[in-house]
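Written out below as structure tokens is the structure these notes cover.
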Amino acid sequence: MSTHRCDIAIAGGGPAGAFAAILLARAGYDTTLIDSGTSPDRIEGLSPRVVDTFRRSDLDPAVLAIGPRLPRRSLWSGKTDSGNGEHIVSRRRFDQALRDAAADAGAGLITTRAERLTAAAKGASVRLADGSTIEARLVIEARGRRAPMAAGRLRGPATIALSGFTTTTPGATPATAVIPVPEGWIWCVDDGDGKRWLQLSADADAITDAGSADALCRRMLDDDTVIAAIGPTETDFSPALHRGTDSVLVAPEFDPKLPRIGDAAVALDPLSGHGMFFAVSSALAMVPIADALLNGDAETIDYARRFYADRIVGTFYRQVRVGRDFYRLEERYAEEPFWAKRRDFPDDMPAYGVVTEPQVSIAVVVEDNRLVEREILVTPDHPGGVARVAGVPIVAALRELAAAETPIQESDPPLISGADRAQTAAVIAWLAERGLAGGADVRPIEGGRKV
Ligand SMILES: Cc1cc2nc3c(=O)[nH]c(=O)nc-3n(C[C@H](O)[C@H](O)[C@H](O)COP(=O)(O)OP(=O)(O)OC[C@H]3O[C@@H](n4cnc5c(N)ncnc54)[C@H](O)[C@@H]3O)c2cc1C
């Protein structure tokens with residue numbers, strides 16, 4: 001059987017793998033993307049910051065088949081909130097467009113199943129369904145929820161999403177809606193032309209066969225609040241797609257031989273609305289991580305490990321705790337089994353560390369596409385820390401402002417060192433919003449390193 005060689009092979013061409021392939025190919029790596037092409041089509045919503053990430057990476061949302069931002073109505077806790085919005089995609093078209101963009105960027109595409117990923121003393125390999133092998137200096141695991149779980153995984157309550165199309169009266173404004181019900185919650189997307197996508201999230205234990213799934217959907221859709229919000233649903237609605245949606249920390253440890261991105265590392269409950277953002281942001285970090293693993297010394301490889309612990313594992317805990325707090329907000333159903341289970345996972349810790357005043361910490365951050373160790377400013381509204389504001393290292397700026405004999409201004413010299421007038425203005429405005437305009441003698445976080 002044949003062997004193909006490349007710098008980087010990526011198993012899985014969903015948003016994480018395909019976006020990583022684009023960025024790695026652009027960075028000059030000989031990249032091969034392997035996708036089975038078997039992912040089912042479905043409708044999902046992208047948060048506006050996912051679309052911004054693509055724009056900043058010179059990817060046109062229209063070419064990626066990303067729809068316009070639709071208003072999102074939430075009926076959580078019995079209150080109507082219409083402040084948010086999301087961009088709707090057909091995952092088949094969107095994923096294919098991303099893979100096409102990867103090919104345009106110079107990545108090789110192989111449509112087949114990646115059977116097995118194996119680390120070797122030097123590099124790693126992928127065995128394909130036809131028995132051939134890809135040998136690479138680095139293999140990235142991006143097979144989403146189909147990737148094997150690593151040791152020490154942590155899994156939330158077993159949850160399932162039942163989805164499919166139905167019809168409604170044409171002429172409504174295209175919009176999405178989120179509606180909680182006693183047995184779970186419903187996400188509904190109306191295209192305005194009478195086509196409606198329904199996604200019903202429920203406890204996986206509530207379903208034993210197709211008949212019980214249909215019966216569960218009927219109960220959820222016939223709930224009075226649902227009928228009041230989106231009207232009655234056709235009696236023959238039967239979900240075409242059943243997908244597991246448990247929150248899973250798939251790989252708590254960084255594997256420098258087979259690094260993971262997207263759902264292959266951290267798979268989130270769709271309630272978070274964070275899944276696709278995590279997929280693309282973990283792909284963004286892959287260029288500096290690949291540089292560290294392929295060309296770096298022991299220190300930069302340690303940076304990659306710390307970055308994973310902080311940004312990847314940290315995202316899991318933050319997002320599941322945010323989700324837990326969101327489930328807790330829905331007090332009407334607190335005693336229902338679906339809601340009771342989700343109010344307690346993963347623990348009772350706050351979603352964000354309790355930060356009462358600005359502090360300085362040290363973290364590994366991405367700077368000019370490299371992993372570097374930097375001081376970060378941790379504030380009550382940025383508990384994860386900020387390294388730069390308007391491109392200016394914020395901790396150094398804060399110290400300079402505190403030490404300045406005459407106030408540093410945004411319009412006249414003196415400006416913050418290394419910053420132009422616009423950057424100085426942006427930094428001062430950002431600090432003023434946090435009551436720090438005059439600088440601050442910020443204290444290091446107890447114990448030194450945060451990550
Ligand atoms: C029901 C549901 C609804 C969701 N809704 C939203 C939403 O509205 N908004 C949001 O932001 N997130 C949502 N998410 C989360 C989002 O879908 C994922 O976070 C995102 O798709 C992760 O991207 P990925 O590339 O890591 O994995 P995936 O999208 O799963 O991509 C993995 C790819 O690997 C391929 N593959 C798998 N096995 C193999 C193999 N052996 N060989 C080769 N290729 C393989 C698959 O074909 C697929 O293309 C939802 C998730 C679910 C389950």
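The values are calculated or read from the model by the stated rules, or taken from the named source; none is laboratory data. All figures in this text were calculated on a predicted structure; none of them were measured in a lab. Counting neighbours? That spans all protein chains shown, and the Cβs are built from the backbone with ideal geometry, glycine included. Accessible surface areas use protein heavy atoms only, side chains included; no ligands, DNA or RNA. Shrake-Rupley method; radii C 1.70, N 1.55, O 1.52, S 1.80 Å.
Around ILE88, which amide H atoms from residues at least 5 apart in sequence, or from another chain, sit under 5 Å from its own amide H, with H modelled in the peptide plane?
Sorted by chain and number, the residues that satisfy this are LEU46, GLY67, LEU70.
Can you tell me which of 155-166, 292-303 comes out highest on packing, and rank the rest after it, using the mean Cβ neighbours within 10 Å? The partial results should precede the final answer.
Values: 155-166: 19.1, 292-303: 15.0.
Packing order, densest peptide first, comes out as 155-166, 292-303.
Percent of accessible area on the chain owned by carbon and sulfur, 1.4 Å probe? Write down the numbers at each step before the final one.
Numbers: 10240 of 20380 Å².
Whole-percent figure for carbon plus sulfur exposure: 50.
For the chain, state the average projected area of the convex hull of the C-alpha atoms over all orientations, rounded to one decimal in nm².
Details: hull surface 96.3 nm².
One quarter of the hull surface, i.e. the mean projection, equals 24.1 nm².
Mind ranking 223-232, 182-191 by how tightly packed they are, going by the mean number of other C-beta atoms within 10 angstrom, highest first? Intermediate values should be presented prior to the final figure.
Values: 223-232: 14.1, 182-191: 21.7.
Highest to lowest by the protection proxy: 182-191, 223-232.
If you plug each phi of the range 260-267 into the Karplus form 6.51 cos²θ - 1.76 cosθ + 1.60 with θ = phi - 60°, what whole-Hz ³J(HN,Hα) values come out, in order, with x for Gly and Pro?
10, 9, x, 4, 5, 9, 9, 10
So what J values fall out for the range 172-179 if you push phi through Karplus, 6.51 cos²θ - 1.76 cosθ + 1.60 with θ = phi - 60°, rounded to Hz, Gly and Pro as x?
The phi angles translate into 6, 5, x, 6, 10, 9, 10, 10 Hz.
Based on the Kirkwood radius over alpha-carbon pairs, what is the Stokes-Einstein translational diffusion coefficient of the range 248-324 at 4 °C with 1.567 mPa s viscosity, in µm²/s?
Values: Rh = 12.6 Å.
Using the Kirkwood radius from Cα pairs, D works out to 103 µm²/s.
For the range 158-244, with every protein chain kept in place, what is the accessible area per residue (1.4 Å probe, Å²)? Write out the running numbers ahead of the final one.
Numbers: 3560 Å² over 87 residues.
Result: 41 Å² of accessible area for each residue.
Count the DSSP beta bridges whose two residues both fall in the chain, then state the antiparallel fraction as a percent rounded to the nearest 5. Let's see the in-between values first.
Numbers: 62 of 84 bridges.
Here the share of antiparallel DSSP bridges comes out near 75 percent.
What percent of all Cα-Cα pairs in the range 210-259 falls in each 5 Å bin, counting up from 0?
4, 15, 17, 14, 13, 8, 6, 7, 8, 6, 1
Calculate one ³J(HN,Hα) per residue across the range 216-223 by plugging θ = phi - 60° into the Karplus curve 6.51 cos²θ - 1.76 cosθ + 1.60, and present them in order as whole Hz with x for glycine and proline.
Coupling constants for the range 216-223: 5, 4, 4, 4, 5, 6, 8, 4 Hz.
Amide H neighbours of ASP255 under 5 Å, counting only residues 5+ apart in sequence or on other chains, H built in-plane at 1.01 Å?
ARG260
Hey, how many Å between the Cα centroid of the range 3-65 and the Cα centroid of the range 164-194?
29
Would you mind putting 361-368, 134-141 in packing order, based on average other-beta-carbon counts within 10 Å, highest first?
On the way: 361-368: 18.4, 134-141: 23.8.
So the order, starting with the most tightly packed, is 134-141, 361-368.
Sticking to Cα atoms, compute the Rg of the range 158-244 to one decimal and its Dmax as the biggest Cα-Cα distance, whole number, in Å.
12.2, 38
Determine the calculated [θ] at 222 nm for the chain from helices alone, applying -39500 (n - 2.57) to every DSSP H run no shorter than 4 residues and normalising by the residue count; nearest 500 deg cm²/dmol. Provide the component values of the computation, followed by the final result.
Working: 12 runs with 129 residues, N = 451.
After summing the helix terms and dividing by the residues of the chain, the value is -8500 deg cm²/dmol.
Evaluate the Kirkwood expression for the hydrodynamic radius of the range 208-345, namely the inverse of the mean inverse distance over all pairs of different C-alpha atoms, and round to one decimal in Å.
Working: mean 1/r = 0.0561 Å⁻¹.
When all Cα pairs of the range 208-345 are included, the Kirkwood radius is 17.8 Å.
When 1/r is averaged over all different Cα pairs and the result inverted, which Kirkwood radius in Å belongs to the range 53-145? Don't skip to the answer; put the middle values down first.
Working: mean 1/r = 0.0598 Å⁻¹.
Radius from the Kirkwood sum: 16.7 Å.
Please list, in chain and number order, the residues 5+ apart from ARG73 or on another chain whose amide H is under 5 Å from its amide H, with Hs placed from the backbone.
Distant-sequence amide H within range of ARG73: THR176, ALA177, VAL178.
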